[in-house]
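A short write-up of the structure that comes next.
The values are calculated or read from the model by the stated rules, or taken from the named source; none is laboratory data. The structure presented is a predicted model; accordingly, all values stated were derived computationally and were not measured. Cβ atoms come from the backbone with ideal geometry, glycine included; neighbour counts cover every protein chain shown. Areas reflect the complete protein model, heavy atoms only, side chains present, ligands, DNA and RNA absent. Shrake-Rupley method; radii C 1.70, N 1.55, O 1.52, S 1.80 Å.
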Amino acid sequence: VVGHGVTQKEAIRRLFDAQVLLRSYEEQLQAMERENKELHFELKEKKTKEQALRSNAEMDTLESLEAGKTQAELQAEQKAKELELRKKIEAGLDDLPVIPYWLRGDQR
C-alpha cells in the first residue's frame, strides 16, 4: 500500500494558492476596467468642453466680423482667445491624478 497523502496535500495547497492568485488578478482586472471607464468618460467631458470653448470663440469671431472690426484686430483677439483656451485646457488636464514613478510599472 502506497500512501499518497503528502503529495495530495501539496497538490491541494497549490490549487488553493492558484485560486487565490486568480481571484486577486480578477479583482485587479475589474479595478483597471472601472478606472478605464472613468478616464474614458472624463476624456469625453474634456473634449466636449474644449469643443464648446472653440465654438464660442468662433461665434465671437463672427460677431466681430459683423461689427466691422479690422482683420488685425480680429487676429489679435483670436490669438488671445487661443491662449486663454490653451490655459483652460491645460488647467483641466492638471486636475488628473499623477501616478508616482515607482508605481507606474505596476500598472502593466
- Task: Take the stretch 1-70, drop everything but the C-alpha atoms, weight them equally and run the Debye formula without solvent; then report log10 I(q)/I(0) at 0.16 Å⁻¹ to two decimals.
- Result: -0.78
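Using the beta-carbon distance between Lys46 and Ala18 and R0 = 30 Å, what value does 1/(1 + (r/R0)^6) give for FRET efficiency, to the nearest 0.05?
Working: r = 42 Å, r/R0 = 1.39.
The calculated FRET efficiency here is 0.10.
I'd like the FRET efficiency for Glu73 and Leu39, computed as 1/(1 + (r/R0)^6) with the beta carbon distance as r and R0 of 35 Å, rounded to 0.05. List each step's numbers first, then the result.
Numbers: r = 41 Å, r/R0 = 1.16.
The pair Glu73/Leu39 has a calculated efficiency of 0.30.
What are the trypsin sites (Lys or Arg not before Pro) within the stretch 14-69 that DSSP puts in a loop, where the Cβ has at most 15 other Cβ atoms within 10 Å?
Values: sites: Arg14, Arg23, Arg34, Lys37, Lys44, Lys46, Lys47, Lys49, Arg54, Lys69; in loops: Lys69.
Hits after loop and neighbour filter: Lys69.
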- Write down the accessible area per residue of the stretch 1-70 in Å², having rolled a 1.4 Å probe over the full set of protein chains. 93 Å²
